[in-house]
């Protein structure tokens with residue numbers, strides 16, 4: 001790229017020395033490379049009319065597309081824009097063509113004036129420039145900036161980004177003086193092994209190695225910071241999850257209803273609420289309370305008390321109104337009946353157990369004892 005000192009216009013070296021562009025901060029649109037590199041330019045009446053027509057056609061086409069997609073537009077905004085363009089075109093047609101010719105002659109006269117200091121530098125769109133160290137290496141090889149080739153294809157080692165144009169940067173890199181304040185630029189750091197001789201690269205080897213080591217240290221530091229940030233983030237997520245679990249657990253405990261001992265009154269022996277005859281084990285139900293008992297299970301729950309042992313009770317003789325057998329029969333009659341039924345004490349067979357017998361067992365006979373001499377007692 002080529003730029004004159006005191007000018008904001010930077011154009012490629014090939015065609016940058018055009019007499020039309022030299023000394024012009026705002027070049028004409030028909031100059032070489034102006035449409036691609038110039039931030040601002042001037043246009044002739046024909047060029048401006050052509051641009052007005054193209055803008056009008058674009059507005060009409062966009063209005064038709066919007067109508068098909070979104071329906072009829074509310075208001076006449078497209079027509080207002082077209083009318084404004086037509087008004088500007090009418091004002092342009094009133095100007096005389098001699099004005100343009102006079103401007104061209106004045107520009108040519110200024111172009112014949114000798115140019116001041118010129119800056120040569122390499123640039124790749126949008127804002128990629130060669131680093132100062134690489135420019136020093138090339139200047140050592142080619143001798144002067146004007147001898148630099150128009151195009152270079154080196155191997156890029158690193159791209160230093162995030163440099164903002166300010167006074168310090170403009171003082172260090174004067175060829176960037178045409179860029180506005182606040183513009184963010186990037187510098188390319190290249191390997192010139194196949195372009196620059198080895199003896200020249202050996203002279204700049206300490207600076208190149210120092211630059212590479214700085215990049216390696218920066219990359220290692222960024223990797224350590226990244227790992228540390230990931231660990232801190234993981235720890236924060238773990239603490240947040242535990243805090244969330246504790247809050248939910250506490251809310252679950254707090255939301256549980258609190259048992260009140262007044263809600264569980266012990267059963268009392270009030271008339272009508274207890275059975276007439278006490279039963280074994282009923283007293284445990286009558287003394288139920290909410291206080292935990294001394295014995296608990298292995299799970300921490302209250303153990304169920306064991307029911308008391310129930311023993312057989314001796315039946316009491318109750319006078320039901322019927323006479324006893326000893327009151328109806330005499331001793332002789334009772335003995336005869338016992339002998340007939342085989343209940344005599346002398347017969348030891350039934351007492352000692354049945355003896356093993358062979359053959360078919362004898363079928364037992366059922367005998368019903370009837371009494372006809374009984375009477376109801378008073």
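The values are calculated or read from the model by the stated rules, or taken from the named source; none is laboratory data. Nothing here was measured: the structure is a model prediction, and the numbers come from that model. FYI the Cβ positions are ideal-geometry reconstructions off the backbone, even for glycines, and counts take in every protein chain you see.
For residue 110, the conditions (1) in a helix (DSSP H, G or I); (2) within 49 Å of the chain's Cα centre (by Cα); (3) modelled with pLDDT under 85 all hold with the exception of (2). In this structure, does residue 72 turn out to be surrounded by 10 or more Cβ atoms within 10 Å (Cβ to Cβ) and modelled with pLDDT under 85? No, not satisfied. Within segment 20-35, the set of residues being modelled with pLDDT under 75 and more than 22 Å from residue 149 (Cα to Cα) comprises 20, 23, 24, 25. Looking at segment 290-336 only, could you name the residues that are touching a strand residue (DSSP E or B) at 6+ places or on another chain (Cβ under 9 Å) and either at pLDDT 70 or above or on the phi > 0 side of the Ramachandran plot (or both)? Passing the criteria: 295, 296, 302, 303.
The set of residues in segment 203-215 that are surrounded by 10 or more Cβ atoms within 10 Å (Cβ to Cβ) and part of a helix (DSSP H, G or I) comprises 203, 205, 207, 208, 209, 210, 211, 212, 213, 214, 215. So in segment 174-202, with the set limited to residues that are closer than 17 Å to residue 140 by Cβ and loosely packed, with under 11 Cβ neighbours inside 10 Å, which one is modelled with the lowest pLDDT? Residue satisfying both the conditions and the ranking: 194. Of all residues in segment 151-173, those satisfying the criterion of being in contact (Cβ under 8 Å) with a residue 40 or more places away in the chain and surrounded by 13 or more Cβ atoms within 10 Å (Cβ to Cβ) are 152, 154, 157, 158, 173.
Once segment 113-142 is narrowed to residues that are modelled with pLDDT under 85 and farther than 21 Å from residue 41 by Cβ, the residue that is surrounded by the fewest Cβ atoms within 10 Å (Cβ to Cβ) is 114.
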